[in-house]
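The values are calculated or read from the model by the stated rules, or taken from the named source; none is laboratory data. Note that the structure is predicted; figures quoted are calculated from it, not measured. All Cβ positions, glycine included, derive from the backbone under ideal geometry; neighbour counts span all protein chains shown. Calculation scope for accessible area: heavy atoms of the full protein, side chains included, ligands and nucleic acids excluded. Shrake-Rupley method; radii C 1.70, N 1.55, O 1.52, S 1.80 Å.
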Amino acid sequence: MSQESSNDKKPTIPPYMKAISGSLGGVVEASCLQPIDVIKTRLQLDRSGNYKGITHCGSTIVRTEGVRALWKGLTPFATHLTLKYTLRMGSNAVFQSAFKDSETGKVSNHGRLVSGFGAGVLEALAIVTPFEVVKIRLQQQKGLSHELLKYKGPIHCARTIIREEGVLGLWAGAAPTVMRNGTNQAAMFTAKNAFDVLLWKKQEGDGRVLQPWQSMISGFLAGTVGPVCTGPFDVVKTRLMAQSREGGELKYKGMVHAIRTIYAEEGLLALWKGLLPRLMRIPPGQAIMWAVADQITGLYERRYLHVAPS
């Protein structure tokens, strides 16, 4: 019996399957939720109170720039989400393998936290920062006339930034992005696993496939904590990414200076600007992504890993 139990390790889904599931989830999420991301960015960049709230901001964009403006930056956003989730899910699986218990194959909550933070840092530096710099520069442009816009599209935007600010201009706001993504992913992976076990008694490798609505509930709940905790990092990231050197001196010198400046000029609550649209985007986004990802990994489990008891 002891020999049987020692060999009864939980089957493991390979990292490449986690990466594939994340990439497909990212495509679906980006297509559904881009308008909320545009509104969030405009609210975070609004220093003079032009927008009275989410609804007013959205209606103003539609009235002055057309409906398509709500999908500004979709190409870099969708590409960025697809690559980000591919790297996040795959690297997290690789990191977790280092924390698996040699006897049971299980990962502790400490291991999930560290693995999630590592995956968040990796995605922030390799993918998130340059793509979000381009996305935010495109989203902050106002007007209906394409000819009058400084950036004509994602490729032109990236080239312009490199020409005017150097390659490192694409990594503006890297420090708060690392802090935001690392903290978010540490909490998200740990919470998602906890909610799966608590709500649905789902363990990885047990051969069960969660219903999409079950995955959406777990993903939604797991995606709510991060935005509240990391709000200041997200606001600072957006401000640092949006500023360019074309006017000479930069307003914000770095993450700490930006936090101090925003607090001094706009008050404490300004560090959580755009929180409501973030909560409208991130938890539903996680719900959509996990609904897709869990179906893919769940079917893989059932087909290739789960052996029915004889």
Inset, instruction - For R68, state whether it is at negative phi, in contact with a Cys (Cβ under 6 Å, 6 or more places away or on another chain) and not β-branched (V, I, T). - result: no
Legend entry - Y16 vs. criteria assigned to a helix (DSSP H, G or I), touching a helix residue (DSSP H, G or I) at 6+ places or on another chain (Cβ under 8 Å), open to solvent by 80 Å² or more (accessible area, probe 1.4 Å) and at pLDDT 90 or above: yes
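One line per residue, one yes/no per condition, for (1) over 28 Å from L170 (Cβ atoms); (2) of a type in the set (D, E); (3) out of contact with any Lys or Arg (no Cβ under 9 Å at 6 or more places or on another chain):
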site: R47; (1), (2), (3): no, no, yes
site: V62; (1), (2), (3): yes, no, yes
site: T82; (1), (2), (3): no, no, yes
site: Y85; (1), (2), (3): no, no, yes
site: S115; (1), (2), (3): no, no, yes
site: A119; (1), (2), (3): no, no, no
Legend entry - Residues of the stretch 104-115 satisfying the condition of being among the small types (G, A, S) and buried (at least 16 other Cβ atoms within 10 Å of the Cβ): G111, S115
Legend entry - Flag for G118 being open to solvent by 10 Å² or more (accessible area, probe 1.4 Å) and at pLDDT below 90: no
Inset, instruction - Search the stretch 80-103 for residues being open to solvent by 60 Å² or more (accessible area, probe 1.4 Å) and of a type outside the set (A, V, I, L, M), and hand back the single one that is farthest from the chain's Cα centre (by Cα). - result: E103
Inset, instruction - Output yes when any residue across the stretch 250-257 is in contact with a Lys or Arg (Cβ under 7 Å, 6 or more places away or on another chain), farther than 13 Å from W290 by Cβ and surrounded by fewer than 21 Cβ atoms within 10 Å (Cβ to Cβ), and no when none is. - result: yes
Inset, instruction - Just name the residue that is least open to solvent (accessible area, probe 1.4 Å) out of those in the stretch 195-214 that are outside any helix (DSSP H, G or I) and within 16 Å of I288 (Cβ to Cβ). - result: L210
Inset, instruction - Identify the residue in the stretch 147-190 that is of a type in the set (F, W, Y) and open to solvent by less than 50 Å² (accessible area, probe 1.4 Å) and, among all such residues, is nearest to R278 (Cα to Cα). - result: F189
Inset, instruction - Within the stretch 33-55, count every residue that is modelled with pLDDT of 85 or more and open to solvent by 70 Å² or more (accessible area, probe 1.4 Å). - result: 3
Legend entry - Candidate set from the stretch 263-280 (those that are open to solvent by 80 Å² or more (accessible area, probe 1.4 Å) and at pLDDT 90 or above); member that is nearest to the chain's Cα centre (by Cα): W272
